[in-house]
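Trainee: This structure is in structure tokens; I'll ask about it shortly.
The values are calculated or read from the model by the stated rules, or taken from the named source; none is laboratory data. Bear in mind the structure is a predicted one, so any value in this text is a computation, not a measurement. Ideal geometry is used to build each Cβ from the backbone, glycine not excepted, and the neighbour counts take in all protein chains shown.
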Amino acid sequence: MAKFSFSAVGIPKGDRLPTPETVVYMEPDHTWQQELSQSNWTPATLAERLSLPEVRINTMEISAQHFPIRATESYLQRIEVGNTDDPLLRQILPAEEEQQTVKGYSMDPVGDHAAMQPGGLLQKYQGRALLITSTACAIHCRYCFRRDFPYQQHHFEFNQSEAIHYLQSDNTLHEVILSGGDPLVLNDKRLSNLLDQLEKIPHLKTIRFHSRIPVVLPSRITNTLIHRLQQSRLNVVMVIHSNHPNELDQSVATALRQMREAEVTLLNQSVLLKGVNDQTETLRQLSHTLFEIGVLPYYLHLLDRVKGSHHFDLPEQDATALYEQLRSVLPGYLLPRLVREIEGKTSKTTIC
Ligand SMILES: *Cc1c(COP(=O)(O)O)cnc(C)c1O
Ligand code: SF4
């Protein structure tokens, strides 16, 4: 069930946004940065925060050492206290299964290492390149395909210009995707600086963010950020990442509403996850809730088979059966494309 009514969302249509000066005064960056700095948990502190049974803690320890628990307070507030089966909790709770080695699940499931260019750029598809803009995220999703990515070797450095030079020298590129990690972990000043550099490249038309932050840390969507996006000569696309309708509360709706006011195109990608969103009804609701807050479903990804994530994987047959049901209950424009990323292909691969 959606947790808000649309009429109650955000600033009224047509209202003017405050000027940047008042924004700095009203909304210092540290609000979201403070929340971000308090997003690290141990199994014990998380269990205490969410009243989880103690028996679960021991089984979490080793996995949590390997890939630490991270979740914002804003996200935790949408989890039902004491419910170990909560679909949002499952996305952040370390599991014993993560330690198992299963055939077919590897450290680099989509061939990112081979496609890496200098300076944190990844180009696999024509006309668009992806920039590893930041090495950090506001939440650690246990199924993440980049959980073992060697970020320290491959990411954008502000004092180096390799990535910018690459983008300048290839005039077939029209779109840059800021990804990560999460690009919105960067503060407003750094992001603005990066946008300045990209806006100067004449053949670039579109800047696209791939970010889970509007969902898990909506306080990050500061008015300063909104203004900067609004000012850009580039088309701005924000692809958020949400897997379950419970992730979309009033605070998320408000942040997204502000982006819409700034003419940002809003899309969503989800990952199909066993035990989280592998029900037709859940996915139907997700699409409708997204639409209510101004976001169109874009991709529904089959899991990238990264080591330690097999317990989230759904057999492809089950996924296609689920998708056929979904197709029968949604209008075409609310049906995300079911895709898999296959190494070496020139685009994501549509499954059905
Ligand atoms: C997924 C991906 C893209 C974006 O693909 P679209 O189909 O345009 O959404 C671009 N570059 C890389 C490296 C990707 O993995
Ligand atoms: S926010 Fe995205 S990149 Fe970060 S851990 Fe989650 S899935 Fe991975």
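Trainee: Could you figure out which of (1) within 15 Å of ligand 1 (Cβ to nearest atom); (2) of a type in the set (A, V, I, L, M); (3) in a helix (DSSP H, G or I) isn't true of residue 184?
Mentor: (1)
Trainee: From the list 97, 48, exactly one residue is without any contact (Cβ under 8 Å) to a residue 12 or more places away in the chain and over 18 Å from the mean Cα position of the chain (by Cα). Which is it?
Mentor: Just a single option satisfies the conditions, and that option is 48.
Trainee: Another question, if that's okay. Let me confirm something: among 255, 319, which residue is closer than 23 Å to residue 220 by Cα and at pLDDT 95 or above?
Mentor: Unique residue meeting the criteria: 255.
Trainee: Given 203, 165, 174, which one is within 16 Å of ligand 1 (Cβ to nearest atom) and of a type outside the set (A, V, I, L, M, F, W, C)?
Mentor: 174
Trainee: Sort out which residues of segment 117-130 are under 15 Å from residue 163 (Cβ atoms) and either aromatic (Phe, Trp, Tyr) or more than 16 Å from ligand 2 (Cβ to nearest atom) (or both), and write them in order of number.
Mentor: Result: 117, 118, 119, 121, 123, 128, 129.
Trainee: Conditions: (1) within 13 Å of ligand 2 (Cβ to nearest atom); (2) within 30 Å of residue 189 (Cα to Cα); (3) touching a strand residue (DSSP E or B) at 6+ places or on another chain (Cβ under 9 Å). Residue 110 meets all but one. Number of the miss?
Mentor: For residue 110, the exception is condition (2).
Trainee: Now, a different point. Which residues, counting only those in segment 206-221, are under 17 Å from residue 180 (Cα atoms) and either touching a Lys or Arg at 6+ places or on another chain (Cβ under 6 Å) or more than 16 Å from ligand 1 (Cβ to nearest atom) (or both)?
Mentor: 213, 214, 215, 216, 217, 220
Trainee: So which helices (runs of 4 or more DSSP H) are wholly in segment 193-283 and hold at least 2 residues that are surrounded by fewer than 20 Cβ atoms within 10 Å (Cβ to Cβ)?
Mentor: Result: 223-231, 250-261.
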